[in-house]
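What follows is one structure encoded as structure tokens, with my remarks underneath.
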Amino acid sequence: MMRIAKFNSWKTKSMPEETPVLDFKAEFGEEEFKRISYGLIPKEMEDKWFIYLQNNILYFHRSWTGYCIFKIVFTRSGGGIVQLKRLL
């Protein structure tokens, strides 16, 4: 059974204040989004990312340093589709 990643599952540091917004959009079905929402808790040194979902934002932190590198903002639309709204 997969453990769902939460903010406090790993050490984290904030993203720098000035970050570019990347122009990228995608859509996911409910099942895909469910798998994405589990995130990733590193298990060994080769696992370079700690990823968790909080308030429809998917956070990507480097596992060794804890620094936040990416944020992905999701929105829900009709018909069970989850849209990637913004990539920070």
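Throughout, read-outs are computed from the coordinates displayed, never taken from laboratory work. None of the values given here were measured: they were computed from a predicted structure. For neighbour counting, all protein chains shown are included, and Cβ atoms are generated from backbone atoms with ideal geometry for every residue, glycine included.
Give the aspartates and glutamates reachable from LYS11 as a straight Cα distance under 18 Å; neighbours fewer than 8 places away on the same chain don't count.
Within reach: GLU44, GLU46, ASP47.
On each of the three principal axes of the Cα atoms of the chain, give max minus min coordinate, whole Å, ordered largest first.
Answer, in whole Å and largest first: 39, 38, 20 Å.
If you count, for each residue, the other Cβ atoms within 10 Å and average over each peptide, how do 3-10, 51-58 line up from highest to lowest?
Working: 3-10: 14.0, 51-58: 16.1.
Packing order, densest peptide first, comes out as 51-58, 3-10.
What relative contact order, as a whole-number percentage, does the chain give when Cα pairs under 8 Å and 6 or more residues apart are counted? Walk me through the numbers before you get to the answer.
On the way: 171 pairs, mean separation 30.0, N = 88.
RCO, the chain: 34 percent.
Which far-off residues, 5 or more places away or on another chain, put their amide H under 5 Å from the one on LEU40, with H placed in the peptide plane?
ALA5, ILE51, TYR52
For region 26-81, run through the GluC sites (Glu not before Pro) and keep only the ones in DSSP coil with at most 14 other Cβ atoms within 10 Å of their Cβ.
On the way: sites: GLU27, GLU30, GLU31, GLU32, GLU44, GLU46; in loops: GLU44, GLU46.
Listed in order of number, the matching sites are GLU44, GLU46.
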